[in-house]
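Below you'll find the structure, written out as structure tokens, and then a few comments.
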Amino acid sequence: MEVRRGWLLAVIAANLVTLVALAFIYPHLMISPGALVAGHADLATDCFACHSPWRGAASDRCTTCHLSADIGVRTTKGLPLVQRKLKTSFHQDLMEPDCMACHSDHQGPKLTQRSRKPFSHGLLRTAVQERCDNCHVKPVDKLHRNLTAGCAQCHRTQAWKPATFEHAKQFMLDRDHEVKCVTCHVNEDYQRYTCYGCHEHTLQNVRAEHEEEGIASFDNCVECHRSADEEPRKTDDRDGREKKSRERKKEH
């Protein structure tokens, strides 16, 4: 019984040694998770060009061919890229050359794994995380082409959509002002606004009310009115006149 058990253990050990040996000799056949991307197809049988034994892929092996300064600009042979897909290369602005944080050059099963991992903007140096148009082409539709504020005002780095704009940071709206943007921003020009887009705030009505209170300049409404509330927030010598005007309205 002991002899049988000894032989069994010996066979198991021999098989394990054989498997480990084969994994080192033919890693592309024994443990490869899938075919390599087209650009690395010539490395299909040279796993240790990118991997270290027991440690996996290492960025320092990637940069022996792909110099950080050349990525997106020149080929691995130093030739300029003729057709560049990106506006600019962002690899030079990474905090550290962690290639595996985004890339997985084994394509893997098409239905279960993507060939590229999602990019995290947190990998970029802090100084360039908010300068979006360094890498991305600015949209030229009516909404975006007139905007000068940073993308982070509406968008998040986790995903371009959905976008949210906190109008309250610029001008507080109330339930009577929940209207389409073009009511105040004519022709979708978001660099300008007008309060004369509704029946109540006509130029004639606004002029009459402000001149009655001794206010001659009323072109820039948000200078005094920081919200849709009728009461201005700016405090100066006009407060007394405005208070009297409100009292007269209540009497009538």
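Accessible area, 1.4 Å probe, largest first: how do Arg175, Arg207 sort?
On the way: Arg175 200, Arg207 90 Å².
In descending accessible area the options line up as Arg175, Arg207.
At a Förster distance of 45 Å, what's the computed FRET efficiency of Arg226 paired with His103, Cβ-Cβ distance as r, to 0.05? Intermediate results must be reported in sequence, preceding the final value.
Values: r = 48 Å, r/R0 = 1.07.
Using R0 = 45 Å, I get an efficiency of 0.40.
How high is the FRET efficiency from Ile25 to Val73, r the C-beta distance, R0 41 Å, rounded to 0.05? Don't jump to the answer; show the numbers that get you there.
Working: r = 38 Å, r/R0 = 0.92.
E between Ile25 and Val73, to the nearest 0.05, is 0.60.
Rounded to the nearest 10 Å², what accessible area does Asp219 show when all protein chains are kept and the probe is 1.4 Å?
Roll a 1.4 Å probe over it and Asp219 shows about 130 Å².
Taking a probe of 1.4 angstrom, what is the accessible area of Ile215 in Å², to the nearest 10?
Accessible area, nearest 10 Å²: 10 Å².
Counting only protein chains, not ligands or nucleic acids, how are Trp160, Trp7 ordered by accessible area (probe 1.4 Å), most first?
Numbers: Trp160 115, Trp7 175 Å².
In descending accessible area the options line up as Trp7, Trp160.
Figure the gain on full extension for Gln170 and Asn205 (residue separation times 0.36 nm, minus the Cα-Cα span) and round it to one decimal in nm. Intermediate values should be presented prior to the final figure.
Working: separation 35, 0.36 × 35 = 12.60 nm, distance 2.44 nm.
So the chain would gain 10.2 nm between Gln170 and Asn205.
Sorted by accessible area (1.4 Å probe), largest first, how do Glu188, Glu213, Glu96 line up?
On the way: Glu188 65, Glu213 25, Glu96 120 Å².
Greatest to least solvent exposure: Glu96, Glu188, Glu213.
Between Val179 and Ala44, what FRET efficiency comes out of the Förster formula 1/(1 + (r/R0)^6) with R0 = 51 Å and r the beta carbon distance, rounded to 0.05? Write down the numbers at each step before the final one.
Values: r = 61 Å, r/R0 = 1.20.
Efficiency at R0 = 51 Å is approximately 0.25.
Can you give me the long-range amide H partners of Ser227? Hydrogens built in the peptide plane at 1.01 Å from N, cutoff under 5 Å, separation of 5 or more residues or another chain.
It is Met172, by chain and number.
With all protein chains present, how much of the accessible area of the stretch 120-173 (probe radius 1.4 Å) comes from carbon and sulfur, to the nearest whole percent? Display every interim value, and only then the final one.
Working: 2470 of 4150 Å².
Solvent-exposed carbon and sulfur of the stretch 120-173 make up 59 percent of the total.
The values are calculated or read from the model by the stated rules, or taken from the named source; none is laboratory data. Because the structure is a prediction, the values reported are computed rather than measured. Positions of Cβ are backbone-derived with ideal geometry, glycine not excepted, and every protein chain shown enters the neighbour counts. Heavy atoms of the whole protein, side chains included, go into the accessibility calculation; ligands, DNA and RNA do not. Shrake-Rupley method; radii C 1.70, N 1.55, O 1.52, S 1.80 Å.
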